[in-house]
Amino acid sequence: MNALARHRRLTAIWSSRPGWKGWFSTVNHSDVGLMFLATAFFYFLVGGILAMLIRAQLATPHSAFAGPEIYSQFFTMHGTIMMFLFAIPVIEGLAIYLLPKMLGTRDLAYPRLTAYGYWCYFFGGGMLIISLLFGIAPDGGWFMYPPLTGKIHSPGINTDFWLIGITFVEISAICAAVEFTVSVLKYRAPGMSLDRMPIFAWYILVTALMILCGFPPLILGSILLELERAFGMPFFQVGLGGDSLLWQHLFWLFGHPEVYIIFLPAAGAISTILPVMASTTLLGYRWVVAAAVALAILSFGLWVHHMFTTGIPHMGLAFFSAASTLVAIPTAVQVFAWIGTLWKGSPRLRLPMLHILGFFFTFVIGGLTGVMVAVVPFDWQVHDTAFVTAHLHYVLFGGFVFPILAAVYYWLPLVTGRKRYFRLGEVAFALIFLGFQITFLPMHWVGLMGQRRRISTYGAEDGWTAINLISSVGGFVLAFGLAMVLLEVMLNVIVRHRSERNPWLAGTLEWATLMPAPAYNFASLPHVDSRDPLWDDPDLPVRLARGEGYLGDPVGDRRETIVVDVATGAPEQHVIYPANTFLPIVMAATTGGFFLSVLVKLYWVAPVAVLGVAVLACIWVWRLGSREDPGDQSIGRGIQVPNITAVDRPPGWWGSAFLLVANAIFFGSLLFGYAFLWTVAPDWPPPAFVAPSIFVLTAAPVGAVIAIVACALAVRNNRAGKQPVVGLLLALGGTLGVAAAFGVFLIHAPSPTAHAYGATLWVFGVYVVLHALLAALMLVFLLCRHRAGYISAVRRAELAIAPIWIGYLGVVTLLVTVAAYLPGLVT
Amino acid sequence: MTDLLRILISPVVWLAAFSAVYGLHGVLCEISIDGTGYSRAWARPMLVGAFALALLVQMGLLALLYSTSFQARPGFARTVSRTSGWVGLVATIWTLFPTLAVTACG
């Protein structure tokens, strides 16, 4: 097969369907990545228009441009859109598009999950935008503090849109995080060991792990607040044993790492682009990786620095003040590594480099004001003022938007296959840079002069008029600059001015693809021997196109790739991906049905939607696998590896493991909330404890132990060529026993509306019942698969996944039993 | 995965220790305010004890990362894991030092 025939064959296999169906059924990472990016930049436009409206309102004193109610929607939606619908999805889109290309493979680990995540984002974001159009958008600020957002003070549907819409969108982030983690660890080109990974992949891996740990507390908080609003469960009502500070803890447990979740991928883009612009390698690769890891983990110890004015004891303040100053060190390590890289190289002042310089100037100022607000007495003075608004924009615009604009210009030729023609970008950069500084630098001063955040108007006598007018003018200059970027990107897509291959002379693998990148990425997969394969072997693209790498000969309609060992990158498994399907969009719409039913209080629809999701999930998994034992598969270069259906640790196992990490953080946050209320909230201990039940105390642990042991036996028997059915049935009985026990527990638990104690126990009980039913569904599914002939001693991969879920069920059963009954027994 | 574990272990243990000490501080201060349990005088020794324990654990981890039995292979993983080991130790000293110096429940 020659290169052209191979290209045509692979294009037919990997492309989306022609016409409109292609948009809704594609699972190809390049398509979905671009859909993410296009949607995210649309939301950026909406968020930007809201910013203009805010600046129009504040340009003059006593402005009558918008009333306080509408103005509250402006700033709430501006923050919400920029954080949840723009920043995170841009990262997701960029990583979805780039990662497989940079890692030298053909797609991410779970292509259908990628598409499902996108549609959840699309529908969830759409919910919020619709609320904006109808004037019922969230209006409680982007961090939604109760009691303001409780039912008493915010009786309308506005807050519900935020809680439900954002939770829906966060499904997308969790999907992407699982996807990225498994993809970076397991889906790489053979030979790409951890130390040969492109630096961008390291940053995305770190960020994905942060999302898995950072988002669950907010998801929990949103669920608890919605339960309070919808059903009167008083988690945040002080009079009934709740505490509004619990929301602040849960929100900022997410919210502070969120800043780094946004910054780190942008830093990854800089660490990739800057060395290319300087025609050299990144200085201190190992130090930069260590700094990214340190920054990620340290960022989880800072959440209370957003709560310095809530009356926390001095020592608590000192802990978080110290931690807040500490993060400056890994950040500085990265900044100095970038400066050093420029020093040792020969920098070219191309357009991406201009944006990187804009980043340096702006982000360093934001970092320094960050150290200022980390100092408690200073924070007390400027808390909730425009100074903090200026600081956060210097960090987020400087640390995210400038790098992303650099990334847009850097990778645009890869996406479009064309080079810039009209040269609007340089003017756009000047407008953006100057406009930004004019808008936000004076905001520090007006903040120090006492202007509060979120105020809808002010008096001329306050003395803030000139500064606000300057800020507003700057804001519109900034908007013109960003509009020019948008215009240039559109022109780049429209005007046919072909770019040469690898126009920046980069060394990473994404530039080894055709331009624009084809649906299959690489005609054959490379073997990687260094961090910059294209610098070491400039002929690599040609040899890959000739099929001289791995999997160079397409087999039937198979979408094939290779799974590798985490550390060494040695080939381990052979993968056949599922093809294009409408399942992701249908499942996302059904998931949306659940959220929508809760939003409009059609509660009877919610269980129907959940059932629909369960059925679709079964169809989703049923389509995988085979009824025949696969032999070892040849992947080229004389190497044979087993198919993923015939291994003990298939990609699904890894995905489940990382999903359970997020799940465990969710559960841990719930336990934290319980302990927090118990310790801090008034009216604790509760008026009455749950009465010990012999049935619950017996059936739950016994059921869990039976399920764990029987499932393990089923796996062992199957591997030995014996029947797994008895073990699976016993495990099913055990999980149903746990579900029954906690069903009884829910019946006997104290009223969930009378006190936060009862409400928390109710959530604990429902959590265990849901996990027991999920485990039962998995076991029933495995029994059906076994009966249908999909499972054998060789095809054992499917059986490997259920035990970790059942093990998790056992752990939470034990912990919830102890948390529910121990306080009553001790007291 | 073992290399990743080596890289992550010290900072993750710092995070666990930091959160635990903060939680302990909350509990001790709450008990002190209620006056139902330990007196306020117990708060600082317990917090300092927790700080010392966290330090010992971090030093133990760092020793492990330098030991022949647990250290990573020479090169990337060894450098990064030892660096993050030092990060864990320094972060513990810097962020939990207030247990020695600041009013416990003021």
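The values are calculated or read from the model by the stated rules, or taken from the named source; none is laboratory data. A quick note: this is a predicted structure, and the numbers were derived from the prediction, not measured. So basically every Cβ, Gly included, is an ideal-geometry build from the backbone, and we count neighbours across all protein chains shown.
Can you find even one residue in the stretch A:44-53 that is over 21 Å from A:Leu414 (Cβ atoms) and without any contact (Cβ under 8 Å) to a residue 12 or more places away in the chain? Yes - at least one qualifying residue is present in the stretch A:44-53.
Suppose the filter is surrounded by fewer than 21 Cβ atoms within 10 Å (Cβ to Cβ), at pLDDT 95 or above and not in a loop (DSSP other than H, G, I, E, B); does A:Leu732 pass it?
Details: surrounded by fewer than 21 Cβ atoms within 10 Å (Cβ to Cβ): no; at pLDDT 95 or above: yes; not in a loop (DSSP other than H, G, I, E, B): yes.
Spelling it out, it is not the case that A:Leu732 is surrounded by fewer than 21 Cβ atoms within 10 Å (Cβ to Cβ), at pLDDT 95 or above and not in a loop (DSSP other than H, G, I, E, B).
Evaluate the following for A:Arg106: is it charged (D, E, K, R), in contact (Cβ under 8 Å) with a residue 24 or more places away in the chain, part of a helix (DSSP H, G or I) and in contact with a helix residue (DSSP H, G or I) (Cβ under 9 Å, 6 or more places away or on another chain)? It is false that A:Arg106 is charged (D, E, K, R), in contact (Cβ under 8 Å) with a residue 24 or more places away in the chain, part of a helix (DSSP H, G or I) and in contact with a helix residue (DSSP H, G or I) (Cβ under 9 Å, 6 or more places away or on another chain).
With respect to B:Cys29, is the statement that it is closer than 20 Å to A:Trp678 by Cβ, in a loop (DSSP other than H, G, I, E, B) and at the interface with chain A (Cβ under 7 Å from one of its Cβ atoms) true? Steps first, please.
Values: closer than 20 Å to A:Trp678 by Cβ: yes; in a loop (DSSP other than H, G, I, E, B): no; at the interface with chain A (Cβ under 7 Å from one of its Cβ atoms): yes.
No, not satisfied.
On the basis of being farther than 30 Å from A:Pro516 by Cβ and in a helix (DSSP H, G or I), does A:Asn492 make the cut? Answer is no for this residue.
Entry remark, the stretch A:406-447: residues being closer than 26 Å to A:His391 by Cα and free of Cβ contacts under 8 Å to residues at least 24 places away in the same chain number 1 in total. Among the conditions (1) closer than 30 Å to A:Gly156 by Cβ; (2) over 19 Å from the mean Cα position of the chain (by Cα); (3) in a helix (DSSP H, G or I); (4) aromatic (Phe, Trp, Tyr), the only one that A:Trp23 does not satisfy is (1).
Within the stretch A:466-486, how many residues turn out to be polar (S, T, N, Q) and either under 34 Å from the mean Cα position of the chain (by Cα) or at pLDDT below 95 (or both)? Walk me through how you get there before you give the answer.
Of the stretch A:466-486, the ones polar (S, T, N, Q) are A:468, A:471-472.
Restricting the remaining residues to those that are either under 34 Å from the mean Cα position of the chain (by Cα) or at pLDDT below 95 (or both) gives A:471-472.
Residues meeting the conditions: 2.
Just so you know, in the stretch B:46-70 the residues that are outside any helix (DSSP H, G or I) and without any contact (Cβ under 8 Å) to a residue 12 or more places away in the chain include one that is nearest to B:Ala17 (Cα to Cα), and it is B:Ser67.
Screening the stretch A:299-308 for residues that are within 9 Å of another protein chain (Cβ to nearest Cβ) and free of Cβ contacts under 8 Å to residues at least 60 places away in the same chain and picking the one that is farthest from the chain's Cα centre (by Cα) gives A:Val304.
Go through the stretch A:665-692 and give me each residue that's more than 13 Å from every other protein chain (Cβ to nearest Cβ) and either at pLDDT 95 or above or out of contact with any helix residue (DSSP H, G or I) (no Cβ under 8 Å at 6 or more places or on another chain) (or both). Hits for the stretch A:665-692 are A:Phe666, A:Phe667, A:Leu670, A:Pro687, A:Ala688. Looking only at the stretch A:742-797, residues that are part of a helix (DSSP H, G or I) and either within 29 Å of A:Gly652 (Cβ to Cβ) or within 31 Å of the chain's Cα centre (by Cα) (or both) come to 32 in all. Residue under question is B:Ala43, and the condition is that it be in a helix (DSSP H, G or I), within 11 Å of another protein chain (Cβ to nearest Cβ) and more than 18 Å from A:Ala294 (Cβ to Cβ); does it hold? For B:Ala43, the condition - in a helix (DSSP H, G or I), within 11 Å of another protein chain (Cβ to nearest Cβ) and more than 18 Å from A:Ala294 (Cβ to Cβ) - is met. Given the criteria in a helix (DSSP H, G or I) and buried (at least 24 other Cβ atoms within 10 Å of the Cβ), does A:Leu98 qualify? When the stated conditions are applied, A:Leu98 passes them.
Okay, residues lined up against (1) of a type in the set (Val, Ile, Thr); (2) within 8 Å of chain B (Cβ to nearest Cβ); (3) within 26 Å of A:Ala201 (Cα to Cα); (4) not in a helix (DSSP H, G or I):
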position	(1), (2), (3), (4)
A:Gly268	no, no, yes, no
A:Ser271	no, no, yes, no
A:Leu283	no, no, yes, yes
A:Trp287	no, yes, yes, no
A:Ala291	no, no, yes, no
A:Ile297	yes, yes, yes, no
A:Thr310	yes, no, no, yes
A:Ala318	no, yes, no, no
A:Ala323	no, yes, no, no
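Being touching a residue at least 60 places away in the same chain (Cβ under 8 Å), in contact with a Phe, Trp or Tyr (Cβ under 6 Å, 6 or more places away or on another chain) and not in a loop (DSSP other than H, G, I, E, B) is a property that does not hold for A:Ile576. Consider the stretch B:64-106 and keep the residues that are touching a Ser or Thr at 6+ places or on another chain (Cβ under 6 Å) and within 7 Å of another protein chain (Cβ to nearest Cβ). The one that is surrounded by the most Cβ atoms within 10 Å (Cβ to Cβ) is B:Ser84. Just checking, does the stretch A:175-196 include any residue being within 22 Å of A:Leu250 (Cβ to Cβ), under 15 Å from the mean Cα position of the chain (by Cα), in a helix (DSSP H, G or I) and free of Cβ contacts under 8 Å to residues at least 60 places away in the same chain? The answer is no; no qualifying residue exists.
For the condition within 27 Å of A:Leu448 (Cα to Cα), part of a helix (DSSP H, G or I), β-branched (Val, Ile, Thr) and modelled with pLDDT under 95, what is the one hit in A:Val415, A:Val371, A:Val401, A:Val388?
Values: A:Val415 fails: within 27 Å of A:Leu448 (Cα to Cα); A:Val401 fails: modelled with pLDDT under 95; A:Val388 fails: modelled with pLDDT under 95.
The unique qualifying residue is A:Val371.
I'm trying to understand the selection: among the residues of the stretch A:326-369, which are surrounded by fewer than 20 Cβ atoms within 10 Å (Cβ to Cβ), out of contact with any Gly (no Cβ under 9 Å at 6 or more places or on another chain) and within 14 Å of chain B (Cβ to nearest Cβ)? Hit for the stretch A:326-369 is A:Ile329, nothing else.
Quickly run through the stretch A:254-266 and pick out the residues that are within 14 Å of chain B (Cβ to nearest Cβ) and under 30 Å from B:Cys29 (Cα atoms). Reasoning before the result, please.
First, the residues of the stretch A:254-266 that are within 14 Å of chain B (Cβ to nearest Cβ): A:256-257, A:260.
Residues satisfying the conditions are A:His256, A:Pro257.
Among the conditions (1) at pLDDT below 85; (2) within 12 Å of chain A (Cβ to nearest Cβ); (3) in a helix (DSSP H, G or I), B:Thr36 misses just one, which is (3).
Taking the listed residues A:Ala95, A:Ala66, the one that is at pLDDT below 95 and in contact with a helix residue (DSSP H, G or I) (Cβ under 8 Å, 6 or more places away or on another chain) is A:Ala66, with no other qualifying. Count of the stretch A:451-465 residues, restricted to those that are part of a loop (DSSP other than H, G, I, E, B) and under 35 Å from the mean Cα position of the chain (by Cα), is 5. Taking only pairs six or more apart or across chains, which ones have beta-carbon atoms under 6 Å, a first residue in the stretch A:782-810 that is assigned by TED's automatic domain parsing to the domain that holds A:Ala731, and a second residue that is of a type in the set (S, T, N, Q)? Matching pairs, first to second residue: A:Arg795/A:Thr645; A:Arg796/A:Asn718; A:Ala797/A:Thr645; A:Leu799/A:Asn718; A:Ile801/A:Ser656; A:Ile804/A:Ser656.
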